[in-house]
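Here the structure is laid out as structure tokens; the discussion comes afterwards.
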Amino acid sequence: MHTVIVGGGFAGVKAALELGKKQIGKVTLISDVPYFLHHATLYATATGKDKAESIIPLSEIFARSPNVTVVLDSIKSVDPDRRLVSGKQKDYSYDTLIIAIGSVTTFFNINGMAEHAYGIKSLAEVNNFTSHINDEITNKKHYDKNYFVIGAGPTGVELAGALYEYLKHMKDIHPVTGKLKVTIVEAAPRIIPRSSETAARVVSKRLKQLGINVLIDHKVGGLDGDMITIDGKQVPTETAIWTSGVANHPFFAEHAHYFQLAPNGRVNVDTHLMARKDIYVLGDNNTVQFSGLAWAAFDQAVFVAEHLARRASKRHTPDFRPKSAPSGIPVGNDWGYVEWHGMYVSGRAGYIARRLIELYGYMQIVPVRTAVSVWRAHDISEIDV
């Protein structure tokens, strides 16, 4: 059996590892970059932490998986009748296809946002953002009057807290003119709107304690090179970071004749995570409960690997059952918020809990010793003193 996996994120990498362990055939993992990108730590990489905590080479992850072949390519189309996926480099035949290609940024047609906003969703975006900050401080010798983080979901909150601490630290190293002000803007009535009201209250208090300006129920109407429009009012800024909207990968809309799409553009799958015969869609791309979270991607990947092993040996194949997982948000140095099943910890205890969750996540894709090394990279600063 030949399983082709498209996507080198949480679900794709974990599925390839699990299938490799089960040794039920050849596995080909197709990724458009040669590394696994840990999106949950990009906020830290963007604010001076060691890139090693966010980037793990795929060659290192699969060093002990001889039946997994990693191919660098981008998929353009799929032909289920011929059991073929076509990439920019070549075509790939499959017996089973797993698609886990993640989400893409959407700017909700806000004027100027795509052209002028910074982002932290990819390594290229992170590098662009950090270059901008470093150029301002070390070369232009000034701070922006206003730094705006657009979107107060987990990523926006994490970035706002880390950015404030980072800029304060940079100000100690490079004492230049300018007042430090970080503002987080959210269109919903509260921050982290998909989390509990308790989470929103506790985290909002922490942000304000740090000195971060929190604007809720405010809508961004536009952005140009030196001005942002919020609720019709223009505010000077050269640094606005978009962390708000995501949409399903356009690959599925482009192949809608092969997939059943929900109104939000995600793919409907059956109780075995199958979108159509021998094609499984995982992670951000499907409509399963909790999809969009790293732990949901891991769970789905493990399930599909076991499902395929059971199919190969003609054993009973149970249905997939989504499971909740702890959610954690770090806000500034040594402070975090973690909740699960209605209980939460915050402060130093929350920070430790969040860090342990991250360590356990690394252990899902690399050996323990490597996981610890990558995890400890968070404590290494790349700031040039």
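The values are calculated or read from the model by the stated rules, or taken from the named source; none is laboratory data. Model, not experiment: these values are computed from the prediction. When we count neighbours, we look across all protein chains shown, and the Cβ atoms used for this are built from the backbone with ideal geometry, even at glycine. Ligands, DNA and RNA are excluded from the accessible area calculation, which covers all protein heavy atoms including side chains. Shrake-Rupley method; radii C 1.70, N 1.55, O 1.52, S 1.80 Å.
Within the stretch 51-63, how many residues turn out to be open to solvent by 20 Å² or more (accessible area, probe 1.4 Å) and free of Cβ contacts under 8 Å to residues at least 60 places away in the same chain? Break it down stepwise before answering.
The initial filter retains those residues of the stretch 51-63 that are open to solvent by 20 Å² or more (accessible area, probe 1.4 Å), namely 51-52, 55, 57, 59-60, 63.
Adding the requirement that they be free of Cβ contacts under 8 Å to residues at least 60 places away in the same chain leaves 57, 59, 63.
Of the residues in that region, 3 qualify.
Could you count how many residues in the stretch 181-198 are under 28 Å from ASN111 (Cβ atoms) and either part of a loop (DSSP other than H, G, I, E, B) or of a type in the set (A, V, I, L, M, F, W, C) (or both)? Please lay out each step first, then the result.
Residues of the stretch 181-198 under 28 Å from ASN111 (Cβ atoms): 181-194.
Those still in the list that are either part of a loop (DSSP other than H, G, I, E, B) or of a type in the set (A, V, I, L, M, F, W, C) (or both) too: 181-182, 184-185, 187-194.
Residues in the stretch 181-198 being under 28 Å from ASN111 (Cβ atoms) and either part of a loop (DSSP other than H, G, I, E, B) or of a type in the set (A, V, I, L, M, F, W, C) (or both): 12 in total.
For the condition over 30 Å from ILE101 (Cβ atoms), at pLDDT 95 or above, open to solvent by 60 Å² or more (accessible area, probe 1.4 Å) and not charged (D, E, K, R), what is the one hit in PRO175, PRO189? Outline the logic, then answer.
Numbers: PRO175 fails: at pLDDT 95 or above.
Answer to the check: PRO189.
Give me the pairs: first residue in the stretch 114-137 and without any contact (Cβ under 8 Å) to a residue 40 or more places away in the chain, second residue open to solvent by 30 Å² or more (accessible area, probe 1.4 Å) and in a helix (DSSP H, G or I), beta-carbon distance under 9 Å, and six or more apart or on different chains, which are they?
ILE137/LYS171; ILE137/ILE173
Taking the stretch 128-159 as the region of interest, how many residues are part of a helix (DSSP H, G or I) and within 24 Å of LYS179 (Cα to Cα)?
16
Looking at ARG206, ARG201, which one is out of contact with any strand residue (DSSP E or B) (no Cβ under 6 Å at 6 or more places or on another chain), more than 30 Å from ILE98 (Cβ to Cβ), outside any loop (DSSP other than H, G, I, E, B) and touching a residue at least 12 places away in the same chain (Cβ under 8 Å)? Please lay out each step first, then the result.
Values: ARG201 fails: touching a residue at least 12 places away in the same chain (Cβ under 8 Å).
Checking each option against the conditions leaves just ARG206.
Say we look at the stretch 268-285 and pick out the residues that are under 15 Å from GLY12 (Cβ atoms) and among the β-branched types (Val, Ile, Thr); which of these is surrounded by the most Cβ atoms within 10 Å (Cβ to Cβ)?
Taking the candidates together, the pick is VAL281.
Spot the failing condition for ALA200; the list is (1) open to solvent by 20 Å² or more (accessible area, probe 1.4 Å); (2) among the aliphatic types (A, V, I, L, M); (3) in contact with a Pro (Cβ under 8 Å, 6 or more places away or on another chain); (4) within 18 Å of THR155 (Cβ to Cβ), and only one is missed.
The failed condition is (1).
Look at LEU167 and say whether it is within 25 Å of the chain's Cα centre (by Cα), part of a helix (DSSP H, G or I) and of a type outside the set (Ser, Thr, Tyr).
Numbers: within 25 Å of the chain's Cα centre (by Cα): yes; part of a helix (DSSP H, G or I): yes; of a type outside the set (Ser, Thr, Tyr): yes.
Yes, satisfied.
Only residues that are over 24 Å from LEU359 (Cβ atoms) and assigned to a helix (DSSP H, G or I): list them for the stretch 13-44, please.
Result: LEU19, LYS22.
Look through GLY102, GLY119, GLY48 and report the one residue that is among the small types (Gly, Ala, Ser), at pLDDT below 95 and buried (at least 18 other Cβ atoms within 10 Å of the Cβ). First the steps, then the outcome.
On the way: GLY102 fails: at pLDDT below 95; GLY119 fails: at pLDDT below 95.
On inspection, the qualifying residue turns out to be GLY48.
Does TYR344 satisfy the condition of being touching a strand residue (DSSP E or B) at 6+ places or on another chain (Cβ under 7 Å) and open to solvent by 80 Å² or more (accessible area, probe 1.4 Å)?
Values: touching a strand residue (DSSP E or B) at 6+ places or on another chain (Cβ under 7 Å): yes; open to solvent by 80 Å² or more (accessible area, probe 1.4 Å): yes.
For TYR344, the condition - touching a strand residue (DSSP E or B) at 6+ places or on another chain (Cβ under 7 Å) and open to solvent by 80 Å² or more (accessible area, probe 1.4 Å) - is met.
Taking only pairs six or more apart or across chains, which ones have beta-carbon atoms under 6 Å, a first residue in the stretch 261-284 that is more than 17 Å from THR105 (Cα to Cα), and a second residue that is among the small types (Gly, Ala, Ser) and buried (at least 16 other Cβ atoms within 10 Å of the Cβ)?
As it stands, the answer is VAL267/ALA275; VAL269/ALA275; VAL281/ALA275; LEU282/ALA11; LEU282/ALA100, since those pairs meet every condition given.
Before we move on, is PHE251 under 25 Å from SER86 (Cβ atoms), aromatic (Phe, Trp, Tyr) and open to solvent by less than 30 Å² (accessible area, probe 1.4 Å)?
Working: under 25 Å from SER86 (Cβ atoms): yes; aromatic (Phe, Trp, Tyr): yes; open to solvent by less than 30 Å² (accessible area, probe 1.4 Å): yes.
So PHE251 fits the description; yes.
Taking the condition of being within 18 Å of the chain's Cα centre (by Cα) and closer than 21 Å to GLY153 by Cα, how many residues in the stretch 92-116 meet it?
Here is the first cut: in the stretch 92-116, the ones within 18 Å of the chain's Cα centre (by Cα) are 99-107.
Keeping just the survivors that are closer than 21 Å to GLY153 by Cα gives 102-107.
Result for the stretch 92-116: 6.
Any idea which of ASP224, ASP217 is without any contact (Cβ under 8 Å) to a residue 60 or more places away in the chain and either touching a Phe, Trp or Tyr at 6+ places or on another chain (Cβ under 8 Å) or surrounded by fewer than 20 Cβ atoms within 10 Å (Cβ to Cβ) (or both)?
On the way: ASP224 fails: without any contact (Cβ under 8 Å) to a residue 60 or more places away in the chain.
Of ASP224, ASP217, the one residue that is without any contact (Cβ under 8 Å) to a residue 60 or more places away in the chain and either touching a Phe, Trp or Tyr at 6+ places or on another chain (Cβ under 8 Å) or surrounded by fewer than 20 Cβ atoms within 10 Å (Cβ to Cβ) (or both) is ASP217.
Can you say whether THR47 is in a strand (DSSP E or B) and either in contact with an Asp or Glu (Cβ under 6 Å, 6 or more places away or on another chain) or of a type in the set (Val, Ile, Thr) (or both), as far as the supplied structure shows?
On the way: in a strand (DSSP E or B): no; either in contact with an Asp or Glu (Cβ under 6 Å, 6 or more places away or on another chain) or of a type in the set (Val, Ile, Thr) (or both): yes.
No; evaluated as a whole, the condition is false for this residue.
Check whether at least one residue in the stretch 310-333 is part of a helix (DSSP H, G or I) and touching an Asp or Glu at 6+ places or on another chain (Cβ under 6 Å), and report yes or no. Spell out how you get there, then give the answer.
Initial filter on the stretch 310-333 (part of a helix (DSSP H, G or I)): 310-312.
Then drop every residue that is not touching an Asp or Glu at 6+ places or on another chain (Cβ under 6 Å), which leaves none.
Looking through the stretch 310-333, none of the residues is part of a helix (DSSP H, G or I) and touching an Asp or Glu at 6+ places or on another chain (Cβ under 6 Å).
Could you list, in sequence order, the residues of the stretch 143-162 that are closer than 15 Å to ILE329 by Cβ, open to solvent by less than 10 Å² (accessible area, probe 1.4 Å) and touching a strand residue (DSSP E or B) at 6+ places or on another chain (Cβ under 6 Å)? Lay out the reasoning, then the answer.
At the first step, the residues of the stretch 143-162 found to be closer than 15 Å to ILE329 by Cβ are 149, 151-162.
Okay, now just the ones that are also open to solvent by less than 10 Å² (accessible area, probe 1.4 Å), so 149, 151-152, 156-157, 159-161.
Answer for the stretch 143-162, where residues must be closer than 15 Å to ILE329 by Cβ, open to solvent by less than 10 Å² (accessible area, probe 1.4 Å) and touching a strand residue (DSSP E or B) at 6+ places or on another chain (Cβ under 6 Å): VAL149, ALA152, GLY156, VAL157, LEU159, ALA160.
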